[in-house]
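Chemist: Submitted below is the structure of interest, expressed as structure tokens.
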């Protein structure tokens, strides 16, 4: 039997390269396990690692070995019941052997392989292939990120940046330019010498031939003394540091905390927004998050108050949308910022307020945002707010999306559907 052994050296962290290969190979199974785990976790456990279980058959490694060849009939040693040609019956009720698994009425089964992925790896799989839609507006003022860009070729620079091809080209051009006159003179004198050698011998002819040969030798020596490459020929790659345009984005997180929102509904809303918060902080450096809570009135709060405050009251959704529009006008110019909104509610609202919400979205918010998503957390039939938002979605399908969450297991699939990376 032959084995293929990968002896490529790992980095300082001994087995990180092999581990990454393993994760890449079984990405589909791990992604499924991560998705199931995210739907079951509480808010406080959202960032920890995860134990992943894979069937043993899915991780078996191929081997190369020599086949026996030909037709072979044999009975292994230790057999007391069968002879060559007998058919061995399939074990019934798991009677074919013993194992650590539970009893089963099936004749076969499979072992499992369990391992733990880190917090970093868990979040990588959790937010894979997700992105903010329509992230296009860029701003150069106040940029903190820079990158080096090629700026052509220069005659002075760091020896480490020498451009060999351009240096040799410059040297060749110099040698051609400096030797052109000498080569022309050599050709002329060699032609004259050839004519003299064909003429009859005379003292003047002999003297001229000797003179021409001496001049040709001097010219050839001068031609050979032209250096192959000189410091004047050296060329260097030039790089300059330029500002890298980075996308500025702001996400408005709007959560309904009215009395109609039960504790379970609020918990699901918090879990959705926590997923969104982790996603934004992990994938975007230039992004700000504005938290807005509302009941009959809306107010901007910090992260702790948004996720953990117990304040409650009636329901007027338009108050949150009005506050969002005021903050955009005051702090986030639409020509400089990519503006996003995410709203979570159980759908309950004053009947007269839902048309106002629709009007604010259509006339004030949608024209300046890149994307606005609404999730309704309720097992009941949709209320007036959902019906009003349906008209917004029909009018702005590329900039507005809405989904319903009935139970906790719907949170992660809905989140992925709202923020799935779309082809450019």
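Chemist: Mind checking whether some residue in the range 350-363 is within 19 Å of residue 287 (Cα to Cα), surrounded by 22 or more Cβ atoms within 10 Å (Cβ to Cβ) and touching a helix residue (DSSP H, G or I) at 6+ places or on another chain (Cβ under 9 Å)?
Modeler: For the range 350-363, residues within 19 Å of residue 287 (Cα to Cα), surrounded by 22 or more Cβ atoms within 10 Å (Cβ to Cβ) and touching a helix residue (DSSP H, G or I) at 6+ places or on another chain (Cβ under 9 Å): absent.
Chemist: Shifting gears a bit: So residue 232 ticks every box in (1) surrounded by fewer than 13 Cβ atoms within 10 Å (Cβ to Cβ); (2) without any contact (Cβ under 8 Å) to a residue 12 or more places away in the chain but one. Which box is left unticked?
Modeler: That leaves (2) as the condition not met.
Chemist: From the list 264, 269, which residue is over 33 Å from the mean Cα position of the chain (by Cα) and part of a helix (DSSP H, G or I)?
Modeler: Testing whether each residue is over 33 Å from the mean Cα position of the chain (by Cα) and part of a helix (DSSP H, G or I) leaves just 264.
Chemist: Hey, can you tell me all the residues within the range 359-385 that are part of a helix (DSSP H, G or I) and either outside the structural domain of residue 321 (by TED's automatic domain parsing) or under 18 Å from residue 253 (Cα atoms) (or both)?
Modeler: Within the range 359-385, 360, 361, 364, 365, 385 qualify.
Chemist: Across the range 286-309, what is the total count of residues that are touching a residue at least 24 places away in the same chain (Cβ under 8 Å) and in contact with a strand residue (DSSP E or B) (Cβ under 6 Å, 6 or more places away or on another chain)?
Modeler: 11
Chemist: Give me a count of the residues in the range 285-304 that are in a loop (DSSP other than H, G, I, E, B) and under 29 Å from the mean Cα position of the chain (by Cα).
Modeler: Qualifying residue count, the range 285-304: 2.
Chemist: Would you call residue 279 outside any loop (DSSP other than H, G, I, E, B), under 23 Å from residue 384 (Cα atoms) and under 27 Å from the mean Cα position of the chain (by Cα)?
Modeler: no
Chemist: Still on this structure, please answer the following. Residues of the range 333-376 being free of Cβ contacts under 8 Å to residues at least 60 places away in the same chain and touching a strand residue (DSSP E or B) at 6+ places or on another chain (Cβ under 9 Å), which ones?
Modeler: Listed by number, the residues that qualify are 347, 349, 361, 365, 366, 368, 369, 372, 373, 374, 376.
Chemist: Looking only at residues that are touching a strand residue (DSSP E or B) at 6+ places or on another chain (Cβ under 8 Å) and surrounded by fewer than 18 Cβ atoms within 10 Å (Cβ to Cβ) in the range 377-398, which one is modelled with the lowest pLDDT?
Modeler: For the range 377-398, the residue satisfying everything is 382.
The values are calculated or read from the model by the stated rules, or taken from the named source; none is laboratory data. Everything numeric here is computed off the predicted structure, so don't read it as measured data. Glycine also receives a Cβ, built like all others from the backbone with ideal geometry; neighbour counts cover every protein chain displayed.
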